[in-house]
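A quick write-up on the structure given underneath.
The values are calculated or read from the model by the stated rules, or taken from the named source; none is laboratory data. Quantities reported herein were computed from a predicted structural model and do not represent experimental measurements. A quick note on method: Cβ atoms are made from the backbone with ideal geometry, for glycine too, and the neighbour counts reach across all protein chains shown.
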Amino acid sequence: MDRWVCEPCGWVYDPAEGDPDGGIEPGVAFEDLPEDWVCPVCGATKDMFSKE
Ligand SMILES: [Zn+2]
């Protein structure tokens, strides 16, 4: 699965780790994240991420 980078802050979503603080378990592809999911660091929405 692909890693995705938050353009505003540089944080990387790694599907192998998920986003535990955001309630996302490891193994969830970026494409499968809820539409209202946001970057845990800066709050950017999914459309502000780009594939690494
Ligand atoms: Zn961010």
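A few comments on the model shown:
- Matching residues in segment 6-21 - criterion: being surrounded by 15 or more Cβ atoms within 10 Å (Cβ to Cβ) and in contact with a Ser or Thr (Cβ under 9 Å, 6 or more places away or on another chain): CYS6
- Taking the criterion of being assigned to a loop (DSSP other than H, G, I, E, B) and either at pLDDT below 95 or within 12 Å of the ligand (Cβ to nearest atom) (or both), the residues of segment 1-21 that qualify are MET1, GLU7, PRO8, CYS9, GLY10, TRP11.
- Test: residue in segment 41-51 that is under 10 Å from the mean Cα position of the chain (by Cα), part of a strand (DSSP E or B), aromatic (Phe, Trp, Tyr) and within 16 Å of the ligand (Cβ to nearest atom): yes
- Of the residues making up segment 22-40, not a single one is within 15 Å of the ligand (Cβ to nearest atom), surrounded by fewer than 16 Cβ atoms within 10 Å (Cβ to Cβ), of a type in the set (D, E, K, R) and not in a loop (DSSP other than H, G, I, E, B).
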